[in-house]
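Values quoted throughout were computed directly from the atomic coordinates according to the rules given, and no laboratory measurement underlies them. Since the structure is predicted, the reported quantities are computational estimates derived from the model, not experimental observations. Backbone-built Cβ (ideal geometry, glycine too); neighbour counts: all protein chains shown.
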Amino acid sequence: MKIFHINASTRGEESQSLAVAERLIAKLRAAPGATLDRLDLFDGSLPAFDANAVGAKMALFTGATATAAQKATWAKVEAVFKRFAAADVYVVNTPLWNNGIPYVLKQFIDLVTQPGWTFGFDPASGYSGLMTGKRAFVVHASGVYHEGIRPNFGSDFATPYLADWFEFIGVSELEQIHVAPTVVNGDYASTKAKAIARAEALVE
Ligand SMILES: Cc1cc2nc3c(=O)[nH]c(=O)nc-3n(C[C@H](O)[C@H](O)[C@H](O)COP(=O)(O)O)c2cc1C
């Protein structure tokens with residue numbers, strides 16, 4: 001089992017989504033032969049999905065010849081996809097930022113979500129995910145928002161968005177775990193303990 005861990009928090013040891021994800025990964029790694037590849041989205045290594053990347057993508061669509069700069073950028077994009085495609089199990093940990101995902105996680109999604117890589121398209125039947133036979137766990141942390149919260153305390157567009165994206169690319173076995181609220185919470189220790197217990201039980 002090859003595990004690919006995508007860390008979308010900047011906060012290192014302070015990160016609550018990372019702390020829960022690490023407990024989940026420790027359980028996964030107990031399986032014989034399990035290996036781990038970790039991508040820290042804020043380490044600056046992700047290529048930008050910029051004019052060269054879009055140019056290379058459009059050249060593929062239209063059959064035009066990509067420029068040298070476009071080809072060089074596309075090779076970097078493909079290297080990210082190959083790391084992603086090599087895995088059997090995904091673990092994503094992400095903070096809730098402004099009711100959604102942090103921009104680096106969207107950047108990663110824009111890099112790997114390419115026709116012929118993660119999805120196919122047929123004019124008659126539409127889209128089909130190509131990342132079949134894999135499963136994913138997402139650990140979300142939010143400072144205020146939590147399930148059942150009153151109106152005027154924010155929203156969570158990250159959970160439905162990631163459910164939709166994993167389904168779109170063909171990963172239909174998805175579990176999402178929430179550790180929340182991490183800030184406005186008089187008993188965060190028990191909130192965190194419950195999230196870890198749920199994460200470990202899901203892996204079990
Ligand atoms: C830029 C930014 C935006 C945030 N937006 C929200 C939000 O919309 N809703 C919320 O409940 N918490 C929000 N928070 C709080 C984080 O979700 C919270 O601190 C969470 O624990 C961060 O995840 P981490 O502990 O894994 O780093 C925000 C924090 C930052 C830095």
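Could you give the spread of the C-alpha atoms of the chain along their three principal axes, from largest to smallest, in whole angstroms?
Largest to smallest, the principal-axis extents are 59, 45, 37 Å.
Classify region 142-204: rounded, prolate or oblate, from the alpha-carbon gyration tensor (a ≥ b ≥ c, eigenvalue square roots; a/c under 1.5 rounded; otherwise prolate if a/b is larger than b/c)?
oblate
Once you place label points 7 Å from the Cα toward the Cβ at residue 155 and residue 124, how far apart are they in nm?
3.8
Report the number of Lys pairs in region 2-203 whose alpha-carbons are under 18 Å apart, with separation of 8 or more residues or on distinct chains.
Lysine pairs meeting both conditions in region 2-203 amount to 14.
Find how many whole Å separate the alpha carbon centroid of region 133-204 from the alpha carbon centroid of region 79-114.
16
Exposure proxy check: 156, 122 ranked by fewest other beta carbons within 10 Å?
By the 10 Å Cβ count, ascending: 122, 156.
Mind checking Rg over Rh on region 38-148, alpha carbons, Kirkwood formula for Rh?
1.01
Considering Cα pairs under 8 angstrom that are at least six residues apart, work out the relative contact order of the chain and quote it in whole percent.
25
If each of residue 175 and residue 132 carries a label point 7 Å out from its Cα toward its Cβ, how far apart are those two points in nm?
Rounded to a tenth, the inter-label distance reads 2.4 nm.
Say the dipole of region 2-203 comes from +1 at the beta carbon of Lys and Arg and -1 at that of Asp and Glu; which of 189, 46, 32 then lies farthest toward its positive end?
Of 189, 46, 32, it is 32.
Place a +1 charge on the Cβ of each Lys and Arg in the chain and a -1 charge on the Cβ of each Asp and Glu, then give the dipole magnitude about the Cα centre in debye, rounded to the nearest 20.
That gives the chain a dipole magnitude of about 280 debye.
Name the residue from 151, 69, 21 whose Cα lies farthest towards the positive end of the charge dipole of the chain, charges +1 on Cβ of Lys and Arg and -1 on Cβ of Asp and Glu.
Checking the options against the dipole of the chain, the answer is 69.
Starting from the Cα of residue 58, step 7 Å along the direction of its Cβ; do the same at residue 187; then give the gap between the two resulting points in nm.
It works out to 5.6 nm between the two label points.
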